[in-house]
2 protein chains.
Amino acid sequence: MAIEAFAKLNCSVARPLSFLGERWALLVLRDLFLGRRRFDELQESLGVASNVLSQRLATLVDEGVAERHRYSEHPERFEYRLTEKGRDLQPVLLAMLAWGDRYTARPEGPPLETVHDDCGKPFHMVPTCSECGGELNWRHIHGRPGPGATEEQRRRFDEQRRRNAERQAA
Amino acid sequence: MAIEAFAKLNCSVARPLSFLGERWALLVLRDLFLGRRRFDELQESLGVASNVLSQRLATLVDEGVAERHRYSEHPERFEYRLTEKGRDLQPVLLAMLAWGDRYTARPEGPPLETVHDDCGKPFHMVPTCSECGGELNWRHIHGRPGPGATEEQRRRFDEQRRRNAERQAA
DNA sequence: TCGACTCGCTTGCAATTAGCAAGTCACAGT
DNA sequence: ACTGTGACTTGCTAATTGCAAGCGAGTCGA
């Protein structure tokens, strides 16, 4: 399981997608965040086929974002919980939720409200800069090859920049 | 195209996933953010089959996150650009990138650095609260049905809470 | 003790989606 | 006329998903 092709790429977006990009994976995570832990809870909430659910859960456990925890010995029964690594995926879901609320919600409003306990209010996620704390806006962000970039990635980056400059000029 | 089953759900995470959840979709977006605009640039950068790429692009255009723009009349040539709606998906990618850098990067460091022009430094995304500006941490967030929740969603939410309380007690 | 039920799965099989290689079409340049 | 470019299709195979049914180990109720 997991999308091997993505896992091999040297890209910090593609690698998480090797397991998050499978259909249902992010919805399973959503449910785990909402406190659903057991197979049948998840299945009925999601409406997913049980074989697919068991595959997804196995992958999530494999990737270390969830763990399978026995809550009963006789009979043996298991539930799934997020690990720290899994909980750190919350920003991904919050970002998607914020976008979904903005662009796909019905007139009545969003179906789920997220509340920030520190201030007590329903919020949406705002992405900010770890360095200066300012809000991140696409106009004021740019990418460049990092220390782990391959030669090929650098080459491609330079070429792309050259081409875009050319187009700009024309 | 697009995952019909997800589009119909009353959930602000599931609905974006109706097109973002298809394999390659988020990587196509990543490339569009990096300034790649033309079919062959995208194809060679991604290493995706051309039929799949053209399907994905069509879906993104359909959903209004990208637009097909003619840059030459003779011969007719097209490129793809993000719309405002598409650029607003950047937090999703930044969140994934931050997680990927943290958990999947090689010892040399991340392959891509994102720089915040306002402060000039490489950053990672930090999710903050739109209401108080504080950093969002899973421990201090909770969800609850919003104004657009269906009766069934409310019922399910209450039942889940009841069950979790029970388990806590035991 | 018998039958019904619950939970957490598998199995088998059909339908959908993704991937690969090759081809197409309209031009452009030489 | 001949090669090349850009943006795709087409045809076909492989992989993934979805559906329905079943299973095994136990629990519960009569």
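Every read-out reported here was derived from the displayed coordinates using simple, explicitly stated rules and does not represent laboratory data. Bear in mind the structure is a predicted one, so any value in this text is a computation, not a measurement. Cβ coordinates were reconstructed from backbone atoms using ideal geometry, including for glycine residues, and neighbour counts include every protein chain displayed.
Observations, loosely collected:
- Here is how far apart the residue A:164 label points are across copies: 4.2 nm, shortest first, using a point 7 Å from Cα toward Cβ.
- Diagonalising the gyration tensor over the Cα atoms of the protein assembly as shown and scaling each eigenvalue by 5 before taking the square root yields semi-axes of 35, 21, 21 Å, largest first.
- Cα shape, segment A:63-159, gyration tensor, a/c 1.5 rule: oblate
- The Cα atoms of segment B:40-84 define a convex hull whose projected area, averaged across directions, is 3.4 nm².
- Placing a pseudo-label 7 Å from each Cα along the Cα-to-Cβ vector at residue B:137 and residue A:139 gives an inter-label distance of 3.4 nm.
- Inverse of mean 1/r across different Cα pairs in chain A, Kirkwood, Å: 19.3
- Per-residue average of Cβ from other chains inside 10 Å of B:21-28: 5
- Note that segment A:79-127 carries a Kirkwood radius of 12.3 Å, evaluated over its alpha carbons pair by pair.
- Counts of other chain beta carbons within 10 angstrom of each beta carbon in peptide B:31-42 average 3.
- For residue B:8, a cut-off of 19 angstrom between C-alpha atoms picks up no lysines at all, skipping any fewer than 8 places away in its own chain.
- Sorted shortest first, the distances from the residue B:52 label point to those of the same residue in the other copies are 1.8 nm; each point sits 7 Å from Cα along Cα-to-Cβ.
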